[in-house]
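The values are calculated or read from the model by the stated rules, or taken from the named source; none is laboratory data. What you see is a predicted model, and the numbers here were worked out from it, not measured in a lab. Cβ placement follows ideal geometry from the backbone for every residue including glycine, while neighbour counts extend to all protein chains displayed. To get the accessible areas, we keep the full protein, side chains included, count just its heavy atoms, and leave off ligands, DNA and RNA. Shrake-Rupley method; radii C 1.70, N 1.55, O 1.52, S 1.80 Å.
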Amino acid sequence: GTYAGPIAFNGKPVIVRGASAASTVINRNGGQQLSVVRFPGGEPPIAALERVTVRGGTTGSPIPNSPTVLVGGGIFAIDSAASVRDCVVEQNAGGFGGGAYFLRCTGEVRDTIVRNNNASSDGGGFQSNQGSQQLTDVVIENNTCNSRGGGMHLVQGNPTLTRVTVRNNYSNNVIGGISWYALGSATATLPMVDCTVTSNGALLTQGGIGVSAPSTGTPTISLQGTNACDNTPRPNITGSWTDLGGNTIC
């Protein structure tokens, strides 16, 4: 069925599980300035959202200590180890991370589709900030933003992308596909393994992957078995990166 949002896990070791993402929907934010689903902190690794569609968030949640900054139209998590599995996150809007925004989080996102979301600033579909999340078998498609990362905006931390497809996203400014922003951190890394970044676009520059390295200039992003093609404007990758082999960079 369809259930009204918003909901919050409130640090509890629980799993919210639907019958399937096609048949179970958590819908909208009830006119409140909140994300549809929130992990507000302290959730242990057993906590998870599974087999549901998160839809129709219109504002996102205020970041603690920055109440005017609204993030995560669909999902917002902070200092949480909770995971998202077998879900669809669609038709949400926020300032940063239109579909989902994770701050200092460690859980996984697996077998999930993030589509048709919008951010008025960075991260049309997904944003991770200072986290070490593992994204596996995830599709990020048809999202938009007005600043950086139509598909994804990843800031510092040590996230990992494995078999992640980022396609048909658009930025009204720069970086249509994946924005990797490591500035200010000498330890930030982003491994991408068996990923696909294709058919993304940006109004100004960097249609595919945009890399911002630390001041040392050392590459902090590595690609293995990854395809980056058909993004406009070219080149498909802007910035320094490490080639671990098996890549197709058009």
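Does any residue of the stretch 156-169 turn out to be open to solvent by less than 30 Å² (accessible area, probe 1.4 Å), within 14 Å of G207 (Cβ to Cβ) and hydrophobic (A, V, I, L, M, F, W, C)?
Scanning the stretch 156-169, I find at least one residue that is open to solvent by less than 30 Å² (accessible area, probe 1.4 Å), within 14 Å of G207 (Cβ to Cβ) and hydrophobic (A, V, I, L, M, F, W, C), so the answer is yes.
Among the residues of the stretch 54-70, which ones are open to solvent by less than 40 Å² (accessible area, probe 1.4 Å) and under 16 Å from the mean Cα position of the chain (by Cα)?
Scanning the stretch 54-70 gives V54, G57, G60, S61, L70.
Residues in the stretch 71-92 that are free of Cβ contacts under 8 Å to residues at least 40 places away in the same chain, surrounded by fewer than 24 Cβ atoms within 10 Å (Cβ to Cβ) and out of contact with any Ser or Thr (no Cβ under 6 Å at 6 or more places or on another chain): how many?
Here the count works out to 5.
Counting only residues that are open to solvent by 50 Å² or more (accessible area, probe 1.4 Å), of a type in the set (A, V, I, L, M) and either at pLDDT below 95 or assigned to a loop (DSSP other than H, G, I, E, B) (or both), how many does the stretch 1-41 have?
Result for the stretch 1-41: 3.
Listed residues T232, T226, T220, T248; which is at pLDDT 95 or above, surrounded by 16 or more Cβ atoms within 10 Å (Cβ to Cβ) and of a type in the set (S, T, Y)?
It is T226.
Are there any pairs with C-beta distances below 8 angstrom linking a residue in the stretch 1-22 that is more than 22 Å from V114 (Cβ to Cβ) to a residue that is of a type in the set (S, T, N, Q) and open to solvent by less than 70 Å² (accessible area, probe 1.4 Å), with the two at least 6 apart or on different chains, and if so which?
Pairs that qualify, where the first residue is more than 22 Å from V114 (Cβ to Cβ) and the partner is of a type in the set (S, T, N, Q) and open to solvent by less than 70 Å² (accessible area, probe 1.4 Å), are G1/S23; G1/T24.
Can you pull out the residues in the stretch 160-188 that are modelled with pLDDT of 95 or more and over 15 Å from D122 (Cβ atoms)?
T160, L161, T162, R163, V164, T165, R167, N168
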